[in-house]
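See below for the structure under consideration.
The values are calculated or read from the model by the stated rules, or taken from the named source; none is laboratory data. Note that the structure is predicted; figures quoted are calculated from it, not measured. Every residue, glycine as well, gets a Cβ built from its backbone with ideal geometry; the counts of neighbours run over all protein chains shown. Please note that ligands, DNA and RNA were not included when accessible areas were found on the heavy atoms of the full protein model with its side chains. Shrake-Rupley method; radii C 1.70, N 1.55, O 1.52, S 1.80 Å.
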Amino acid sequence: EPIQTAVLTVDLARPEGGDPPPIAWSMQPQRLASQTSLSRTVKLGATLKIMGVGVEGEAGQTQETQVDQVFLEALFEGLPSPTWELRRTDTATIQGLQRFALVVRAAKGTTTMGTARLGATIARKRFGLLPYTASLAEQEALEFWLPQLAAVDG
């Protein structure tokens, strides 16, 4: 069953509380997209008949546009809840290995706690006929700790 969307959210916090909270300073990848052509045709036709004699005419116009289909997008950079959203497109499916890199900015001398959660929706057919999407239950959260770094002189 194909995955339609997948969302990876990381919640950052200071275990001791207080301000400022740690934030996502940099997220990679920020955006992955592919270009697709979108074509639109408009036709107008008319027929005129008088006493069995007729005239027929038709006019039309085709417009072609390049559009970005976004497969992956980083959201909420600069906030304590960075998120990556993946979407199935006409040219890309959600499968295989995806790598994410996050640089966290935190107050000096503090420890950062992170909680990562993954959610997804899949496409199914009820009774093999009617298409619908279903949300997969979020897996248990993955918690991690980023200890304070020692000050570097020089």
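See the values below:
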{"quantity": "Residues that are free of Cβ contacts under 8 Å to residues at least 24 places away in the same chain and either touching a Gly at 6+ places or on another chain (Cβ under 6 Å) or surrounded by 10 or more Cβ atoms within 10 Å (Cβ to Cβ) (or both), drawn from segment 58-83", "calculated": "58, 75"}
{"quantity": "Only one of 39, 34, 81 that is within 17 Å of residue 105 (Cβ to Cβ) and among the small types (Gly, Ala, Ser)", "calculated": "81"}
{"quantity": "Residue count for segment 94-151, restricted to those that are hydroxyl-bearing (Ser, Thr, Tyr), outside any loop (DSSP other than H, G, I, E, B) and either open to solvent by 80 Å² or more (accessible area, probe 1.4 Å) or modelled with pLDDT of 85 or more (or both)", "calculated": "5"}
{"quantity": "Residue that is of a type in the set (Ser, Thr, Tyr) and farther than 12 Å from residue 22 by Cβ, where the choices are 111, 83", "calculated": "83"}
{"quantity": "Total residues in segment 14-38, condition surrounded by fewer than 15 Cβ atoms within 10 Å (Cβ to Cβ), in a strand (DSSP E or B) and over 11 Å from the mean Cα position of the chain (by Cα)", "calculated": "8"}
{"quantity": "Given (1) over 30 Å from residue 145 (Cβ atoms); (2) exposed (fewer than 13 other Cβ atoms within 10 Å of the Cβ); (3) touching a residue at least 40 places away in the same chain (Cβ under 8 Å); (4) basic (Lys, Arg), number of the condition residue 88 does not satisfy", "calculated": "(2)"}
{"quantity": "Hey, residue 55 touching a Gly at 6+ places or on another chain (Cβ under 8 Å) and either within 30 Å of residue 124 (Cβ to Cβ) or assigned to a strand (DSSP E or B) (or both) or not", "calculated": "no"}
{"quantity": "Some residue of segment 95-105 being closer than 12 Å to residue 9 by Cα and under 16 Å from the mean Cα position of the chain (by Cα)", "calculated": "yes"}
{"quantity": "Residues of segment 15-31 satisfying the condition of being closer than 30 Å to residue 67 by Cβ and either out of contact with any Leu (no Cβ under 9 Å at 6 or more places or on another chain) or in contact (Cβ under 8 Å) with a residue 60 or more places away in the chain (or both)", "calculated": "24, 26, 27, 28, 29"}
{"quantity": "Cβ pairs under 9 Å, 6+ apart, first in segment 1-14 and more than 16 Å from residue 83 (Cβ to Cβ), second open to solvent by 40 Å² or more (accessible area, probe 1.4 Å) and among the aliphatic types (A, V, I, L, M)", "calculated": "3/136; 14/106; 14/113"}
